[in-house]
Structures are given as structure tokens and as C-alpha cells.
Amino acid sequence: MKGFWHDAVEFFPILMSGVVLTIVVTIGSLLLSTVLGLVWAMMRVSGIKALSMLSASLINVIRGIPIIVLLFYLYFVMPDLGVTLSALQAAILGLGIAYSAYQAENFRAGIEAIDKGQIEAAQSIGMGWWLTMRRVVLPQAVRIVLPPYGNVMIMMLKDSSQASTITVAELALQGKLIASSTFKNTNVFTMVALMYLTMSIPLILLVRHVEKRAGKK
Amino acid sequence: MIELKDVHKSFGQNEVLKGITANVEKGEVVCVIGPSGSGKSTILRCINGLESYDRGEISVEGLKVDRDASSIVNVRTQVSMVFQRFNLFPHRTVLENVVEGPLYVKKEARVRALERGRALLAQVGLAEKADAHPPQLSGGQQQRVAIARALAMQPKAILFDEPTSALDPELVGDVLGVMRKLADDGMTMVVVTHEMGFARDVADRVLFIDGGVIVEQGPAKALLNQPQHPRTQDFLRRVLHPL
């Protein structure tokens, strides 16, 4: 740990540029996975056999492929098929797709936890499927889904480091680059770990807060 | 107004309705009684399409009830339902529960819907609870909100599925009182109930159902005081004199 503070001051600006990309990747893939996850979940509970089977198989395919392979596929294979993505685009797309499977299962569990009587009450006042979802089911499912959603946010933040494998210069990759050029492994990776932790702690506190509120209801 | 013709319904191997034929006239109050598992609730749930039926035909004001057709929304806006377990929306206030249908299904103007919603809450004696959430209310209050929610759709008939069975005994009276007032105002009602006193005093007609068929039916007082069929006699004896 020799000269840790000295190194910290020196490397901080470079690592911060990595932090920015880490945040961009995390937020981007979080949004994408939420939207996709909602779509899969709605297809799954739609009551239309073809849609629900399609969604179930999609989820299984996505779940069965490691994130890193998905990223390689998007970044290295897609250009052969005529679709060229920047590293950042591929990272957000890959992580977003990978996480959409977990999001979908989480959302589905939330939707299916709603009492059938709620759906019947909605139907009995003439609501169709979509109105029932929007006005009755989803607003109640949100409360059930929120605590696990917070955990997904934390996992997403950490898994965004996998974007380094396709050259996105986020925090982990910046750390690795500095470490390999200065050989100050201990100081650099301690800083990287502390910076991830610093970003996680607000999320952890948020999850705890949300769980407490959900518990009260 | 509500017509059932030879309605059959099975859950898997279990045939719960074995040919139900019945009419409900406009303004009539019909109570459906019978042992549990006899198919009483299933009849109600078929009338507004919460449940499909296998054979026969159900129509409301000449409109065929088919839960897979888009016309089912028309049926449901004309025939409201009150559930045993209230099924109020817990994430909305009492007033929001009442105006949900008028606002989002019938697309009524907000001001008018809210005004009528408040009037309906006053009618069921809960004007001061408009801004409370359902879980804060007693069962009896929740059921009266559910009745207001049903009325808000301005239905031609209301189906009650054991509306007092989930209530503490001392709260039953309030709900039955509201229902009696509705009956006096000429609302068409089909009530599945174990409240024989209510059936005797308020109903025009009583159907006794057992094993998926209508065993006996007739004017309320006559059927409850002098049942003809041995199964009706047996059932009423057990309900009225359980010891």
C-alpha cells in the first residue's frame, strides 16, 4: 500500500472517466432490460399460447447463454452479419438482453402474485385485458417487484464490468490498463474496488428503504 | 331480463351445472340458496362471463353472454357484481374505487363521475370515508363500497355472490340494509346467500339449487315456510335449526 494516497490522487481522474462509462452502461442496460423484461412478462401472462410460449423460450435461451458470450456475439459476430455496433452499444444491448430474462421472471412473479379476485373485479366493471393490467394489476405488482428490482440494479452495476471484455473503457478496464502499465496492482485495484463499493452503497440503502416500505403495506 | 336456458358447465370431470333454466324479470329480487358446492356461485359467474359455460344459452336483455366475444364488455357494464371477498382495489382510495369504472371504462367526465361517486358513497353511508383506502375499513364498510362501485356503473342488474359470508356477524346488518334499500328502489338483483331472513323478507322469488339443478323454486315466503321437496325441507331444517 506504499504511496496509496499519492497514487490515488494521480489515478483518480482516469478512473473517474471509467466510472462515467460504468454508469452509462449500467443505466442504459437497466432501462433496456426493464422494457424488454416487461414485454416478455406481458407476453407470458397474455393468455395467448403462441406469445407465452415464444416468451418462455426466449427467456430460456437468454438465460442459457453467459453474458460474456452474448457480448462477444454482438460485438464480434454481428459485423459479419452486416450490423456494426460500437463497443458501448454492444455492451448496453448485450447486458440489457441478458438481464431482461431475470427482469421478466421477476415481473411475472409480481403479476401472478396479484389476487385473482382483483382481476375478476376489474373484469366485472367491464375492463379489458390491457386496462386491467394498467389500472389494477401493474400498480399493485410494482410494490412486490421493487425489492428484487433493487438487487438487479446492484448486480447490473457490477456486471457492467463485463463490458471491459469488448473494449468498453469502463472502470474495471481503466483499472486494468493502469495496473498493467504501472505494476501498482494493489493500489489500483483497491481503488477500483472502493469505487464500485461507493456506487453500490447508495443502491443498497435504496433497496433497504424500499423493502422497509413494502413490508409496512 | 336475464335468461338461462339449459345451462351446463363442468370443471374437468366434475359437472357443476346440469341444465339450469331460469329467468329474472326486471325489478325482481331473486335469491339463490343451496348447500355449498351446489353450483350457486357458478351460475352468477356465468351470467357476467367470469366463467364460461359448456352448453345452453345465457342472455342479458337479449344479448348473448359469450366471454370470448367483445360484447362481453356490454354485458358486464349492464350487470354488475358484488363479491364475497369484496375485491376492492387496495391501492386506490374508496372514491377512486367507485369511479374507476365510470372514468376508465365508460369514459365519463371526471367532475360528473366524482360527484356521482360521492353521492353513491353517501347512499351506502360512507361519505366520510371517500379518501380512505380499503384496508383501513371494516369488512362491512368494504362491502358497502363494493356495492357503491357496482352501482356506479349504472347497471340494469346486480349479482351478489354471498355478499355477507365473509363478514363478522355484527356487520352483516349494515350490508343487508343497503341491499334492502336497493331492492325497494326497484333494482334487479340476483343474490346467492345463506341469509334466510333476507331471502324471506326481501326476495320476490327463491331458487333452491342442489347438485347442479334447480330442485325447487317459487315465491320466497312460500318456499321458505312450506318447502315442498324433501331436499329443500332437509336443507332448510339444517340451516334454520343447526342444533
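Readers should treat all values here as calculations from the given coordinates under stated rules, not as data from a laboratory. In this text, all values refer to a predicted model and were calculated from it rather than measured experimentally. Because the Cβ atoms are built from the backbone with ideal geometry, glycine has one as well, and the counts that use them run over all protein chains shown.
Under the combined filter of DSSP loop state and at most 12 neighbouring Cβ atoms within 10 Å, segment B:104-185 retains none of its GluC sites (Glu not before Pro). Need one value for B:63-73: mean number of C-beta atoms belonging to other chains within 10 Å of its residues' C-beta atoms. What the average comes to for B:63-73 is 1.
The Rg/Rh ratio for segment B:77-208 is 0.95, where Rg is the radius of gyration of the alpha carbons and Rh is the Kirkwood radius. Between B:D131 and B:E170, the distance separating the two model label sites (each 7 Å from Cα on the Cα→Cβ line) works out to 2.9 nm. Around the Cα centre of segment A:1-153, unit charges on the Cβ atoms of Lys, Arg, Asp and Glu (plus for the first two, minus for the last two) sum to a dipole of about 420 debye.
Under the combined filter of DSSP loop state and at most 12 neighbouring Cβ atoms within 10 Å, segment A:124-186 retains these chymotrypsin sites (Phe, Trp or Tyr not before Pro): A:F183. For segment B:114-159, the Cβ-based charge dipole about the Cα centre amounts to some 180 debye (Lys, Arg positive; Asp, Glu negative; other atoms uncharged). Charging the Cβ of each Asp and Glu at -1 and of each Lys and Arg at +1, and nothing else, the dipole of the protein assembly as shown about its Cα centre rounds to 560 debye.
Applying Stokes-Einstein at 4 °C and 1.567 mPa s to the Kirkwood radius of the protein assembly as shown, computed over alpha-carbon pairs, gives a translational diffusion coefficient of 50 µm² s⁻¹.
Have a look at B:P102, A:A41, B:C31 and report the one farthest towards the positive end of the charge dipole of the protein assembly as shown, computed about the Cα centre with Cβ charges (Lys/Arg +1, Asp/Glu -1). Looking along the dipole axis, the top candidate is A:A41. Shape class for chain B, computed from the alpha carbon gyration tensor (a ≥ b ≥ c): oblate, with a/c not under 1.5 and a/b at or below b/c.
For segment A:1-144, the equivalent ellipsoid derived from the Cα gyration tensor has semi-axes of 39, 21, 12 Å, listed largest first.
Put the Cα centre of segment A:1-76 next to the Cα centre of segment B:117-175 and the gap is 47 Å. As a calculated quantity, the FRET efficiency between B:E61 and B:S10 at R0 = 25 Å, using C-beta atoms, amounts to about 0.35. For a 27 Å ceiling on Cα separation, which of these pairs sit above it: A:K116/B:K9; A:K116/B:K181; A:K212/B:K107; B:K40/B:K129; B:K129/B:K221? Among A:K116/B:K9; A:K116/B:K181; A:K212/B:K107; B:K40/B:K129; B:K129/B:K221, the Cα-Cα distance tops 27 Å for A:K116/B:K181; A:K212/B:K107; B:K40/B:K129; B:K129/B:K221.
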